[in-house]
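Asker: Encoded as structure tokens, here's the structure I'll be asking about.
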Amino acid sequence: MNSSPDKTYRRFLLGLASEEEQCSVEAAVLAGELDTLTLQIAEDELIDDYLLGSITREERCGFEEQFLITEERRQKLRFASALIEYSRKKPVEDLSVKRELTSRAGTWVLLSWKSTAYIAVAASVLLAVLAGLELTKLRQQTEVAQETRNELTRLQAGLAADNRRAAQVIEPSTGIPSGTEDSVDRMPVIEVATATRDVVPPRFSVPATARFARIDWNLSEPLAESYREVLLSGSGKKLWAQEFPAATLSPANRSSIVLPASILVPGIYHLRLDRETTGGQFEESADYVFRVVRE
Amino acid sequence: MESREVMQAFLLWLGQDQSSGARKYEEIRRNLILLFRWRGCYIAEELADETIDRTARAVLKPGFEYQGDRVLYFRAVARNVFLEWLRKERRLPTDPISEAHIELPVLPANSEPDDSRQACLERCLNALPLAKRKLVMRYYRSEKREKIDGRQLLAEELGIGLNALRIQMCRLRTQLRKCVANCEVKGEILCSEET
């Protein structure tokens with residue numbers, strides 16, 4: 001076959017095909033290589049060409065003598081004629097088919113390399129901005145963490161110093177450790193008499209800025225082995241307690257204890273002295289009541 | 001086919017067994033019908049059956065020998081059947097010329113039937129989605145040389161090949177043709193569905 005398949009089919013339909021062309025078309029149809037759709041398209045194209053005048057004299061003869069041999073093809077011819085006539089009557093404007101028919105496919109068609117490049121650049125910029133924001137956020141978090149760490153270190157150092165100081169002053173000996181005399185001297189002192197309960201408890205003022213308060217207690221009688229001092233709130237809640245050997249008492253039988261001022265909120269307190277018995281148990285020996293006010 | 005035995009023997013000639021022979025029979029008949037349609041025969045099925053009957057009678061004769069492709073044998077018989085039919089159609093020059101041979105296309109028609117067809121065509125076109133309606137209108141606007149350029153441009157606008165456009169139009173045309181035929185007979189529009 002020397003010509004294109006379309007032209008061969010066209011001549012075959014018009015009865016103008018050579019013997020060779022006829023054989024090739026017949027063989028293709030019987031082998032299932034030419035389907036009904038191909039035949040329909042070839043017929044429609046031929047009808048259009050005939051109606052539009054784009055057909056040779058020889059083809060025109062073949063069309064009228066051979067092609068229009070069937071009623072089906074004649075109907076097709078009438079229909080195409082009506083369609084052409086109708087289309088020519090319609091105004092030219094607004095017959096664009098691009099947008100409507102290719103709206104979905106066109107979306108991707110429009111994603112050419114240029115569009116892809118634009119998207120890539122936009123994505124890069126967006127990523128850079130996001131990365132910058134994240135970096136700034138991370139830097140701020142680092143600064144906050146550093147400040148927190150510094151504050152923690154400072155607080156830990158202060159607490160350690162306080163603890164050392166407190167350990168020195170609360171040491172279970174009534175003596176004041178050397179080197180802490182100044183601070184201890186500035187402490188508010190609660191002088192506890194031997195007498196026990198008064199109707200009106202004595203008032204002791206503890207400055208608001210005080211960190212510690214010293215309680216001096218003159219015990220009325222000597223203690224044998226050991227004793228225990230207990231600080232109770234007005235409601236009877238145990239706030240503090242410590243056991244001491246009797247040997248640590250001063251010769252004047254005076255006990256000095258230092259407590260954190262923070263536990264001495266304004267109110268009534270009981271300082272109780274428990275004496276050790278022979279069985280190793282403690283029993284109440286004295287109870288002194290006082291009131292704390294904060295300035 | 002004349003008898004069951006003849007049919008079975010013919011199927012065995014077509015295939016290795018009855019089953020494959022039957023499948024081959026259906027395939028050949030389908031393609032023969034299409035071939036006669038390509039030839040422009042309006043009785044394509046009748047001629048296809050005539051071709052098969054003649055082939056069966058020939059191959060089942062005692063002493064028949066044929067070693068080549070069976071389809072080629074059918075093709076030769078089909079051509080004879082077609083030529084006989086064609087001769088029969090055009091047998092005598094004095095016979096009245098059939099209507100098929102004298103009908104010429106009439107473009108600017110003002111007759112009553114065409115008015116009716118135009119009205120049906122308009123109704124069927126309006127039943128199509130807008131984009132497809134525009135496509136049909138654009139496809140049929142140009143003439144002569146403009147047709148080629150116009151359709152090529154249309155295909156480019158759609159982002160498809162010219163052949164894809166032809167296939168799309170072929171389906172649209174078939175749908176519209178059925179719609180118009182139904183409209184002319186019953187006055188109903190059937191092609192409102194999306195295609």
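Asker: Can you confirm whether A:Gly132 is at pLDDT below 65 and not basic (Lys, Arg)?
Answerer: Against the criterion (at pLDDT below 65 and not basic (Lys, Arg)), A:Gly132 does not qualify.
Asker: Among the residues in segment B:28-40, are any within 24 Å of the chain's Cα centre (by Cα), of a type outside the set (Lys, Arg), within 14 Å of another protein chain (Cβ to nearest Cβ) and surrounded by fewer than 19 Cβ atoms within 10 Å (Cβ to Cβ)? So that I can check it myself, show each step before the final result.
Answerer: To start, the set of residues in segment B:28-40 that are within 24 Å of the chain's Cα centre (by Cα) comprises B:28-40.
Among the residues that remain, those that are also of a type outside the set (Lys, Arg) are: B:28, B:31-36, B:38, B:40.
Checking which are within 14 Å of another protein chain (Cβ to nearest Cβ) leaves us with B:28, B:31-36, B:38, B:40.
Those still in the list that are surrounded by fewer than 19 Cβ atoms within 10 Å (Cβ to Cβ) too: none.
Taking every residue of segment B:28-40 in turn, none turns out to be within 24 Å of the chain's Cα centre (by Cα), of a type outside the set (Lys, Arg), within 14 Å of another protein chain (Cβ to nearest Cβ) and surrounded by fewer than 19 Cβ atoms within 10 Å (Cβ to Cβ).
Asker: Continuing with this model, one more query. So A:Gln75 passes all but one of these: (1) closer than 22 Å to B:Arg30 by Cα; (2) more than 7 Å from chain B (Cβ to nearest Cβ). Which condition number does it fail?
Answerer: It fails just one condition, (1).
Asker: Where residues in segment A:14-25 are closer than 18 Å to A:Thr70 by Cβ and assigned to a helix (DSSP H, G or I), which of them is nearest to the other protein chains (Cβ to nearest Cβ)?
Answerer: Once the filter is applied, the top-ranked residue is A:Val25.
Asker: Among the numbered conditions (1) in a loop (DSSP other than H, G, I, E, B); (2) under 21 Å from A:Pro188 (Cα atoms); (3) modelled with pLDDT of 80 or more, tell me where A:Gly236 comes up short.
Answerer: (2)
Asker: Right, something else. Return the total of residues in segment A:222-257 being without any contact (Cβ under 8 Å) to a residue 40 or more places away in the chain, at negative phi, surrounded by 14 or more Cβ atoms within 10 Å (Cβ to Cβ) and more than 50 Å from the chain's Cα centre (by Cα).
Answerer: Qualifying residue count, segment A:222-257: 1.
Asker: So B:Ala58 ticks every box in (1) farther than 23 Å from A:Leu16 by Cα; (2) surrounded by 15 or more Cβ atoms within 10 Å (Cβ to Cβ) but one. Which box is left unticked?
Answerer: Single failed check for B:Ala58: (2).
Asker: Is it true that some residue in segment A:61-70 is touching a residue at least 12 places away in the same chain (Cβ under 8 Å), at the interface with chain B (Cβ under 7 Å from one of its Cβ atoms) and outside any helix (DSSP H, G or I)?
Answerer: Within segment A:61-70, one or more residues are touching a residue at least 12 places away in the same chain (Cβ under 8 Å), at the interface with chain B (Cβ under 7 Å from one of its Cβ atoms) and outside any helix (DSSP H, G or I).
Asker: Follow-up. Report, by residue number, each residue of segment A:272-295 that is surrounded by 17 or more Cβ atoms within 10 Å (Cβ to Cβ) and either modelled with pLDDT of 85 or more or within 58 Å of the chain's Cα centre (by Cα) (or both).
Answerer: Of everything in segment A:272-295, those that are surrounded by 17 or more Cβ atoms within 10 Å (Cβ to Cβ) and either modelled with pLDDT of 85 or more or within 58 Å of the chain's Cα centre (by Cα) (or both) turn out to be A:Arg272, A:Leu273, A:Asp274, A:Val289, A:Phe290, A:Val292.
Asker: Being in contact (Cβ under 8 Å) with a residue 24 or more places away in the chain and at the interface with another protein chain (Cβ under 7 Å from one of its Cβ atoms) is true for just one of A:Ile41, A:Ile47, A:Ile84. Which residue is that? If you could, list the steps in order and put the result at the bottom.
Answerer: Working: A:Ile41 fails: in contact (Cβ under 8 Å) with a residue 24 or more places away in the chain; A:Ile47 fails: at the interface with another protein chain (Cβ under 7 Å from one of its Cβ atoms).
Selected residue: A:Ile84, the only one of A:Ile41, A:Ile47, A:Ile84 that is in contact (Cβ under 8 Å) with a residue 24 or more places away in the chain and at the interface with another protein chain (Cβ under 7 Å from one of its Cβ atoms).
Asker: Looking at B:Lys88, B:Lys24, which is the one that is touching a Lys or Arg at 6+ places or on another chain (Cβ under 9 Å), in a helix (DSSP H, G or I) and of a type in the set (Lys, Arg)?
Answerer: When all the criteria are applied, what remains is B:Lys24.
Here is a yes/no grid of residues against (1) modelled with pLDDT of 85 or more; (2) part of a helix (DSSP H, G or I):
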| position | (1), (2) |
| --- | --- |
| B:Glu156 | yes, yes |
| B:Ala164 | yes, yes |
| B:Met169 | yes, yes |
| B:Arg173 | yes, yes |
| B:Lys178 | yes, yes |
| B:Asn182 | yes, yes |
| B:Val185 | no, yes |
| B:Ile189 | no, no |
| B:Glu194 | no, no |
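The values are calculated or read from the model by the stated rules, or taken from the named source; none is laboratory data. None of these values were measured; they are calculated from a predicted model. Backbone-built Cβ (ideal geometry, glycine too); neighbour counts: all protein chains shown.
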